Amino acid sequence: MTDIDLLIAQKIMGWSVATFYGIPVLSKPDGITIGQWSPSTSISDAWDVVEHMRNSDARWDFNLCNATFDDGWVAVFRYREHTGRAATAPMAICLAALSTLEDHTAHP
C-alpha cells in the first residue's frame, strides 16, 4: 500500500488505518478489516473509490477517458471540476478523488 492508497482510505473512504508488525491494515466503519487494497494500481480497487463518491451525499458524476495526446488517462469528478491526470487509469482516479478534498462539501 502506498501513501496515496492510505490517504484515499482515510480521507475519501473514511476508513481507519492501523499498523500491525509494520503492515498497514484498513478498517471500514462497519468493522470489516481489509489487508490488501491499492486503488492507485488496481482498477477494481479504484472503482471502489468511484462508487463510494458517486453514492456519497455530494453524488459526484464521474468521467474517465484515455487521453492519448497527453498523460494517458484523465479522470474527472463533477460536482465542481476535479481532475486527475496520470499514466494509468487507477492513479488518475486517485488523483481526481484527492483533488476533491479541497472542496469542504465533498465529504460531510
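Where in the stretch 1-107 are the helices (runs of 4 or more DSSP H), entirely inside, with at least 1 residues that are surrounded by fewer than 13 Cβ atoms within 10 Å (Cβ to Cβ) and among the charged types (D, E, K, R)?
3-7, 43-54
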Free of Cβ contacts under 8 Å to residues at least 12 places away in the same chain, more than 10 Å from CYS94 (Cα to Cα) and touching a Leu at 6+ places or on another chain (Cβ under 8 Å), is that true of THR19? no
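Readers should treat all values here as calculations from the given coordinates under stated rules, not as data from a laboratory. Computed from a predicted structure; not experimentally measured. Positions of Cβ are backbone-derived with ideal geometry, glycine not excepted, and every protein chain shown enters the neighbour counts.
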